[in-house]
Structures are given as structure tokens and as C-alpha cells.
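Visitor: This is the structure, below, for whatever I ask next.
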Amino acid sequence: MIECNNLTKIYGSDDTKTYALKDVSFRIEKGEFVSIIGPSGSGKSTLMHILGALDNPTSGKYFLDGKEVSALNDNELSDLRRNKIGFVFQSFNLLPRATVLRNVMLPLIYCGLSQAEKEKKARAVLLYAGMEESKLQNLSNQLSGGQMQRVAIARALINNPAIILADEPTGNLDTKTSQLVMEAFRELNQKGHTIILITHEMDVANYANRIIHVRDGMIVRDEKNNH
């Protein structure tokens, strides 16, 4: 599904060169749950932007489902991000004065479905992500942090993406709520979703079946996690 060959990312030039990634190579197969962990400045966020087709490497190649991502044009990249990758962020990125249902329907604006079909699809994916039906008409600013992150997960799933890319999804949550959200990711993985999680916390990374450790722009360890 994902193949990264010798990815290098350089910011600046000549005397001001900074290597965010150095010769990074790995594969992620369909259905894996992988954590990418490292301290601040390790290169994990740069790697996330490349995997999410939000940035290109300076050198090296990134293939998603056999297609070289850096060779795609802007329209193809937009289609890939919309249809292949579901994003979940630390800050939720929900519209505060829109209902839970409307927040999840947003990615469907240009898909040609009727309003009733969009609502039906959004309702189904919210329940699938573990959201209580009684909360679907609430405004997102009336929810707890854990509920908001479940809404964000449902929104990421709405177009049935091949990959869920989660960037520090528990960063704004307390320990108990973080555990509930990570259990939701584990359940989604058990249902067949490929999940790539970016984190700096080992207890969060441990929910994955494989952990890639990144430091100073390089992979220093890539290990199976048998819990």
C-alpha cells in the first residue's frame, strides 16, 4: 500500500541546509496499525506531511497504491487526499457552531449526493465511530474532547479512505479520554482500516501493532509490537 524509498527532505539551501528527513525507507501494508514516534524535531511531522500528500520530499520516492505521489498534479493530489486519506488532527478542526452531523457531512459537499443521502451516510459513520445517536444534533462546541475527536474520526472515515492518518490525536485530551480514543482507533484497525499514528508518547504508540522510531530525521528502530 505505502512504499517510501530513500526519502530526504531539506529546508533552506547551501550554508543554511537543514535535513528534516535523511534517507528514510519503509513499507506499510494494507490493514496495518503503525505508530511513528519521536521527540520534537525528529522529523515525524515532516514525514506525516509527505505521507498525507501535503508536501513532497527533496529526493526519494513515495508510492501509494503503486502510484508515485510526487509525480501527481495538483488536481490528482486533491483527489488522492479526498478519497484515499482520512486526516485526524490534535485540534479536532470542527466547526463550533455546526452540528455533529453537519461537521461530518462537510467532505461530501461536492460528491453529488442528495441532502438525505449525505445525512444517512454521516449518521452511519458516526455510529460506526462510536458516537452516541443522542448527540448527532448537538453543536460541536457542546461536546467533550473525546466526543469531538470521535466526530473528527467519523469525518475522516466518511469517504471510506484507504488510510487514516492521525497526527497527535490525543494531544489535547486527558489520560482517560485518550485511552477511549485510542481504543476506538484499535477497533477501527480490527475492522480492517489501515492506521498511521504520529505521536511523541510511548503509551499512545503502544496501541499500534508496529512502532517506527524516528530521531534526527532517520528511522532508528522499526519493530513489531506484540502488546
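Visitor: Filter the stretch 61-73 down to the residues that are on the phi < 0 side of the Ramachandran plot and either of a type in the set (Ser, Thr, Tyr) or outside any helix (DSSP H, G or I) (or both) and list them by number. Step through it out loud before you land on a result.
Guide: Going through the stretch 61-73, the residues on the phi < 0 side of the Ramachandran plot turn out to be 61-64, 67-73.
Passing the criteria: Lys61, Tyr62, Phe63, Leu64, Lys67, Glu68, Ser70, Leu72, Asn73.
Visitor: A further question on this structure: For the stretch 164-179, give me each residue that is over 15 Å from Ala154 (Cα atoms) and not charged (D, E, K, R).
Guide: Thr170, Gly171, Asn172, Leu173, Thr175, Thr177, Ser178, Gln179
Visitor: Being aliphatic (A, V, I, L, M), modelled with pLDDT of 90 or more and closer than 23 Å to Cys4 by Cβ narrows it down to one of Leu64, Leu126, so name that one. Working first, answer last.
Guide: Details: Leu126 fails: closer than 23 Å to Cys4 by Cβ.
Checking each option against the conditions leaves just Leu64.
Visitor: For a quick check of your reading of the model, give me the residue pairs whose first member lies in the stretch 1-27 and is at pLDDT below 90, whose second is part of a loop (DSSP other than H, G, I, E, B), with beta-carbon atoms closer than 6 Å and at least 6 apart or on different chains.
Guide: Met1/Glu29; Met1/Lys30
Visitor: Suppose we keep only residues that are among the polar types (S, T, N, Q) and touching a residue at least 24 places away in the same chain (Cβ under 8 Å) within the stretch 187-205. Which one would you say is farthest from Tyr128 (Cα to Cα)? Full working, then the answer.
Guide: Narrowing the stretch 187-205 to residues among the polar types (S, T, N, Q): 189-190, 194, 199.
Keeping just the survivors that are touching a residue at least 24 places away in the same chain (Cβ under 8 Å) gives 189, 194, 199.
Details: Asn189: 13, Thr194: 16, Thr199: 24 Å.
That would be Thr199.
Visitor: Could you check the stretch 22-49 and list, in sequence order, the residues that are aliphatic (A, V, I, L, M) and under 24 Å from Met182 (Cβ atoms)?
Guide: Within the stretch 22-49, the subset aliphatic (A, V, I, L, M) is 24, 28, 34, 36-37, 47-48.
Ile28, Val34, Ile36, Ile37, Leu47, Met48, listed by residue number.
Visitor: Would a scan of the stretch 128-145 turn up a residue that is aliphatic (A, V, I, L, M) and farther than 28 Å from Leu173 by Cβ? Spell out the reasoning first.
Guide: The initial filter retains those residues of the stretch 128-145 that are aliphatic (A, V, I, L, M), namely 129, 131, 136, 139, 143.
With farther than 28 Å from Leu173 by Cβ added as a condition, the list becomes none.
There is no residue in the stretch 128-145 that is aliphatic (A, V, I, L, M) and farther than 28 Å from Leu173 by Cβ.
Visitor: Filter the stretch 60-103 for residues that are closer than 29 Å to Lys120 by Cβ, more than 13 Å from the chain's Cα centre (by Cα) and among the β-branched types (Val, Ile, Thr) and give the result.
Guide: Thr99, Val100
Visitor: Now a separate question. Of the residues Ala166, Ala208, Ala184, which is in a helix (DSSP H, G or I) and either surrounded by 16 or more Cβ atoms within 10 Å (Cβ to Cβ) or touching a residue at least 12 places away in the same chain (Cβ under 8 Å) (or both)?
Guide: Details: Ala166 fails: in a helix (DSSP H, G or I); Ala208 fails: in a helix (DSSP H, G or I).
Residue meeting the stated conditions: Ala184.
Visitor: Give, as residue ranges, the strands (runs of 3 or more DSSP E) completely inside the stretch 1-60 that count at least 3 residues that are surrounded by fewer than 21 Cβ atoms within 10 Å (Cβ to Cβ).
Guide: On the way: elements: 2-11, 18-28, 33-37.
Once the strands (runs of 3 or more DSSP E) in the stretch 1-60 are filtered for at least 3 residues that are surrounded by fewer than 21 Cβ atoms within 10 Å (Cβ to Cβ), what remains is 2-11, 18-28.
Visitor: Go through the stretch 142-163 and report how many residues are within 25 Å of Leu64 (Cα to Cα) and part of a helix (DSSP H, G or I). Steps first, please.
Guide: So the first thing to find is which residues in the stretch 142-163 are within 25 Å of Leu64 (Cα to Cα), and the list is 152-163.
With the extra rule that they be part of a helix (DSSP H, G or I), the set shrinks to 152-157.
The number of residues fulfilling the criteria is 6.
Visitor: Let me ask you something else. Can you tell me which residue among Ser114, Ser144 is surrounded by fewer than 14 Cβ atoms within 10 Å (Cβ to Cβ), within 21 Å of Glu187 (Cβ to Cβ) and either of a type in the set (Gly, Ala, Ser) or in contact with a Leu (Cβ under 6 Å, 6 or more places away or on another chain) (or both)? Give the derivation first.
Guide: On the way: Ser114 fails: within 21 Å of Glu187 (Cβ to Cβ).
Exactly one residue qualifies, and that residue is Ser144.
Visitor: Does Arg210 satisfy the condition of being modelled with pLDDT of 95 or more, of a type outside the set (S, T, N, Q) and more than 22 Å from Lys30 (Cβ to Cβ)?
Guide: Values: modelled with pLDDT of 95 or more: yes; of a type outside the set (S, T, N, Q): yes; more than 22 Å from Lys30 (Cβ to Cβ): no.
Spelling it out, it is not the case that Arg210 is modelled with pLDDT of 95 or more, of a type outside the set (S, T, N, Q) and more than 22 Å from Lys30 (Cβ to Cβ).
Visitor: In this structure, does Ala154 turn out to be modelled with pLDDT under 90 and under 23 Å from Asn206 (Cα atoms)? I'd like the intermediate steps shown before the answer.
Guide: On the way: modelled with pLDDT under 90: no; under 23 Å from Asn206 (Cα atoms): yes.
Considered against the rule, which asks whether it is modelled with pLDDT under 90 and under 23 Å from Asn206 (Cα atoms), Ala154 comes out as no.
Visitor: Just checking, does the stretch 74-83 include any residue being part of a loop (DSSP other than H, G, I, E, B) and farther than 21 Å from Leu197 by Cβ?
Guide: At the first step, the residues of the stretch 74-83 found to be part of a loop (DSSP other than H, G, I, E, B) are none.
No.
The values are calculated or read from the model by the stated rules, or taken from the named source; none is laboratory data. As the structure is a prediction and not an experimental result, all values here were calculated from the model. Methodologically, a virtual Cβ is constructed for each residue, glycine included, from the backbone with ideal geometry; neighbour enumeration extends over all protein chains shown.
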